[in-house]
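Some notes on the structure that comes next.
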Amino acid sequence: MRRLAMRTLAATTLLALVLSACGHNVDPSEDFKDPDQIPNVTNFEAVANLLGVKLTWISDPIDFAVIDGFYIYRAVVVGGEEPVFQRLTPEPYSESSEYQDQDVDDGTTYRYEIRAVTPAGVESNPTPPWTVRVDFTPPAPPTNLQTTESGTPTNPTVLLSWDASPDTDVDLYRIFRLPPFPGTTLYVEWRPRLYEDIFVERTMMYRYYIQAVDIAGNVGPESEVVQITISGP
């Protein structure tokens, strides 16, 4: 019995030293009641995607010596009203350091925060809130796609230019070519609104069209198709 007690004391002391070395000034034998003693969640961010909103954060594995998991809170942002946070996870969430919120509405802005929670139910201080707008709406297609033959007689190229999609959250453009670009199946991804296709040959005809992709990953409809025939020698 005495040997078991000594082992328990040694393990507790070792854990306290490890926690202290990791910057956590806590004693794992305590029943934590002060949120300042509970390890805070760090590097928290929320990003809209095609499924809704993905939350990610960093938690040190040693934190689970004193916490039971995390509570995830969400509020709907409406105008200048004070957001009212509600808990998304009725039980402490401990599966991983990421969470996908799919119960969201298109066009709605949400604010998230996360708190670590101890087995006794004491919560840490919240993370700085992260605000994100859900977007399931594809961007409008770019317009005025034009092709111009360029390059040299021995190394012809095709310059493509277009007018931007009117949506303000466009991240990039997908450029399609028929026949396809060498080494790719369908398209190249490009951010500037000017692209030079260097993989063309004399007397060949090429067709192009483009699509806009927004920051949430929504892919817009195809632009008009344009074609060009490279002049002969």
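Overview of values
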{"quantity": "Förster radius 41 Å - calculated FRET efficiency between Phe181 and Ser97, Cβ distance, rounded to 0.05", "calculated": "0.60"}
{"quantity": "Additional length obtainable on full extension of the chain from Thr108 to Phe136, 0.36 nm per residue less Cα span", "calculated": "9.1 nm"}
{"quantity": "³J(HN,Hα) computed for each position of the range 103-118 - Karplus, 6.51 cos²θ - 1.76 cosθ + 1.60, integer Hz, glycine/proline x", "calculated": "8, 10, 10, 4, x, 9, 9, 10, 10, 10, 8, 10, 10, 6, 9, 7"}
{"quantity": "Surface/4 estimate of mean projected area, convex hull on alpha-carbon atoms of the range 143-229, nm²", "calculated": "5.5 nm²"}
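Read the figures in this text as sums done on the coordinates, not as results from a lab. Given the structure is predicted, the values throughout are model-derived calculations rather than measurements. Every residue, glycine among them, receives a Cβ derived from its backbone with ideal geometry; neighbour counts consider all protein chains shown.
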